[in-house]
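Just below is one structure, and these are the notes that go with it.
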Amino acid sequence: MLDTTRIRAITFDLDDTLWPIWPIIERAEKTLSAWLAVHAPMTSALFANAHARHDIRQQVMKSRPDILHDLSAIRREAIRLALTRAGDDPALAEPAFDVFFAERNHVTLFDDTLPALAWLASRYPLVALSNGNADLGKVGLSAYFKGGISAARFGVAKPHVSIFFAAAELAGVAPHEVLHVGDDAHHDVIGALGAGMQAVWVNRSEHLWTHTPHEPNETIGQLNELCDLLAGEC
């Protein structure tokens, strides 16, 4: 049960909470592939093989444990490794990543996102808390948020409690006064509960909860339900 009297700030996950992420990644990868076809055709041919793409990413993650929390760095280094393997110029990794990243930030919000953020931001400080690499400014949502903390910049990813504590500090409140909202049962809900926060699980696909004895304070299918829980209308 949600204790609304405790809530003085709200932290939000981004990917698959405010927008669906996989259609965006698929489009960004197609855009990257088209760019590589012009500027690094051998790498484009290599990336056309799904097994090769997976192998390259796994090699980067195995050889660079220092960047596992940073999806941008993993993507950039995977492109660099592919360029090197294919015999293309590895210096193209930076502009190639920029092409991918620009498209990655062209998001299509869930229909309930903007009305909910507008209502919530007028009542609580909102802080973005993400393991992903979306840029609030490029996405067009920075006006609703006091700020944001990403795993890439912080150096630690959810569900580690330290990143939740940092988000509470940014919001200017104690962890127990924060409500965290996110779609990932482990990274968002269990992580937030472990940090002493309340947690709302955004379950848009009606999945079963399989992480007992841990339980979210509330489960919602749409963000307007969160507004209702906090005694308002979106």
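The values are calculated or read from the model by the stated rules, or taken from the named source; none is laboratory data. Quick caveat: nothing in here was measured; it's all calculated off a predicted structure. Neighbour counts are summed over all protein chains in view; Cβ atoms, including those assigned to glycine, are modelled from backbone coordinates with ideal geometry.
Filtering region 187-207 to residues that are outside any loop (DSSP other than H, G, I, E, B), surrounded by 23 or more Cβ atoms within 10 Å (Cβ to Cβ) and of a type in the set (A, V, I, L, M) leaves V189, A192, A199, V200, V202. Residue check: is G172 out of contact with any Asp or Glu (no Cβ under 9 Å at 6 or more places or on another chain) and either over 19 Å from L18 (Cα atoms) or of a type in the set (A, V, I, L, M) (or both)? Yes. Scanning region 178-202 for residues being of a type in the set (V, I, T) and within 15 Å of P213 (Cα to Cα) gives a total of 2.
Would you call H176 surrounded by fewer than 18 Cβ atoms within 10 Å (Cβ to Cβ), in contact (Cβ under 8 Å) with a residue 24 or more places away in the chain, of a type outside the set (F, W, Y) and farther than 15 Å from N131 by Cα?
On the way: surrounded by fewer than 18 Cβ atoms within 10 Å (Cβ to Cβ): yes; in contact (Cβ under 8 Å) with a residue 24 or more places away in the chain: yes; of a type outside the set (F, W, Y): yes; farther than 15 Å from N131 by Cα: yes.
The answer is yes for H176.
Every residue in region 108-127 that is β-branched (V, I, T) and exposed (fewer than 14 other Cβ atoms within 10 Å of the Cβ), please. Passing the criteria: only T108. Report, by residue number, each residue of region 22-67 that is touching a residue at least 40 places away in the same chain (Cβ under 8 Å) and aromatic (F, W, Y). Correct list: W35 only. If you go through region 183-213 and pick out every residue that is more than 19 Å from L2 (Cβ to Cβ) and at pLDDT below 95, you end up with 5.
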